[in-house]
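Worksheet: the structure to be examined is printed underneath.
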Amino acid sequence: MSSFDQEVQARIAENRRNEPLRDAALTFIRESTRPKYSYNFAWLGRPIIQYPQDIVAMQELVWTVQPDLIVEAGVAHGGSLILWASLLELNAICGGPQDSRVIGIDIDIRAHNRAAIEAHPMSRRITMIEGSSIDEAVIEQVGDAARGRQRIMICLDSNHTHAHVLAELEAYAPLTSVGSYCVVFDTVIEDLPADMFPDRPWGPGDNPKTAVREYLRSHPEFEPDSRIDDKLLISVARGGYLKRIRR
C-alpha cells in the first residue's frame, strides 16, 4: 500500500473515534432530510435521489468489484439506473466486462420516466421490470437474467418497511457474488425522528436497518463494511453496505 493510501486508511479509522464529527454528520442528515436535500441532484440529466457521498461510494465499489450485472429494486426517475449504466460503460472502456447490464425493478414505472430512461444514451445497458420486487415471477425473471453472470451487485431502494426489505434480502442477496456488495439504502431511517415519516408505513423500529439486522443474524456470509460508513459519515445507507465474504 502506498503512503497516501496508508494516510487515507488512518484518517478513516480516526473518523470512527471522532465523536464530534460523527455527531455533526448525523445532525446534517437529520436537518437535510426535511427539506429533501437529496432530491436536488441529477446524474447525466436524470434526477437521482441520493446523497453525493453515496454516489461516490458506489462509484468506488463498481470500479473495485467490476460487476457484470447490477440489480436495483426501486427505479423512481431513473437516475440511479443511469448512474450504474454509466459506471459500467466506463468500466468497459477501461477493459472491464463488455456486456455488463443493469436491471431496474419497480412496482410502478411511470410512462414519462420509462420514456426518458429508454431515450437516454445509457439505456442500451438497462432492462426495466415493472412489478413488485418480492413477486415470485419478478424474482424468477431476475434469477434467469443473473444465470451465468460472474460478478453481481445488488441495490435495494424500494419500499422501506422491515417486512419488504427483509423479503428483498431473502430473494436477491443470495445473488451477490463473493467479494461484491448488497447495498441496502435508507437504513438511516432508524436514526431519524419518527415524525419525519408521518405519511409513510416505515419509521424507527420498522425500516431497512431493522431488516438488515434480522437478515445478518442468520446469514454470516455477509458483513456490514463499516469502513465505508467511517469514510462517508454522511450516508443514507449506514450499516447497509453489506459485503459478501463467503458462499
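The values are calculated or read from the model by the stated rules, or taken from the named source; none is laboratory data. Here the structure is a predicted model, which means the values were calculated and not measured. Every residue, glycine as well, gets a Cβ built from its backbone with ideal geometry; the counts of neighbours run over all protein chains shown. Areas reflect the complete protein model, heavy atoms only, side chains present, ligands, DNA and RNA absent. Shrake-Rupley method; radii C 1.70, N 1.55, O 1.52, S 1.80 Å.
Apply the a/c threshold of 1.5 to the C-alpha gyration tensor of region 1-142 and tell me whether it is rounded, prolate or oblate.
It is oblate, given that a/c is not under 1.5 and a/b is not larger than b/c.
Take every Cα pair under 8 Å whose residues are at least 6 apart in sequence, average their separation, divide by the length of region 12-133, and the relative contact order is 21 percent.
Convert 10 °C to kelvin, take the viscosity as 1.306 mPa s, use the Kirkwood radius over C-alpha pairs of the chain as Rh, and evaluate the Stokes-Einstein diffusion coefficient in µm²/s, rounded to a whole number. For these conditions, the coefficient is 86 µm²/s. Prolate is the label for region 140-219, because the ratio a/c of its alpha-carbon gyration tensor axes (a ≥ b ≥ c) is 1.5 or higher and a/b is greater than b/c.
Where only DSSP H runs of four or more residues are counted, the chain gives -13500 deg cm²/dmol as its mean residue ellipticity at 222 nm, each run worth -39500 (n - 2.57). In the P(r) worked out for region 22-88, what percent of Cα pairs fall beyond 20 Å? The proportion of pairs with Cα distances above 20 Å equals 34 percent.
Surface exposure of the chain, expressed per residue as accessible area with a 1.4 Å probe, stands at 48 Å².
Counting only Cβ charges, +1 for Lys and Arg and -1 for Asp and Glu, the dipole size of region 23-97 around its Cα centre is about 320 debye. For region 113-246, the Stokes-Einstein estimate of translational diffusion at 20 °C and a viscosity of 1.002 mPa s comes to 135 µm²/s, using the Kirkwood hydrodynamic radius over alpha-carbon pairs. For region 1-100, the list of trypsin sites (Lys or Arg not before Pro) that fall in a loop by DSSP and count at most 15 other C-beta atoms within 10 angstrom reads LYS36. Across region 26-34, coupling constants 3J(HN,Hα) worked out from phi with the 6.51/-1.76/1.60 Karplus curve, θ = phi - 60°, read 5, 4, 4, 4, 4, 6, 8, 6, 4 Hz, and Gly and Pro carry x. The H on the amide N of THR127, modeled in the peptide plane, is under 5 Å from the matching H of VAL102, ILE103, GLY104, each at least 5 residues off or on a different chain.
Keeping every protein chain in place, order PHE197, PHE185, PHE28, PHE4 by accessible area at 1.4 Å, biggest value first, i.e. largest first.
I get PHE4, PHE28, PHE197, PHE185, largest accessible area first.
The spread of Cα positions in region 100-147, taken along each principal axis and listed from longest to shortest, comes to 29, 25, 8 Å. What the Cα atoms of region 8-61 give is an Rg and a Dmax of 13.7, 38 Å. What a 1.4 Å probe finds exposed on the chain is 52% carbon and sulfur by accessible area, rounded to a whole percent. Listed by chain and number, the lysines placed with their C-alpha closer than 18 angstrom to that of LYS231 are LYS243; residues fewer than eight positions away on the same chain are left out.
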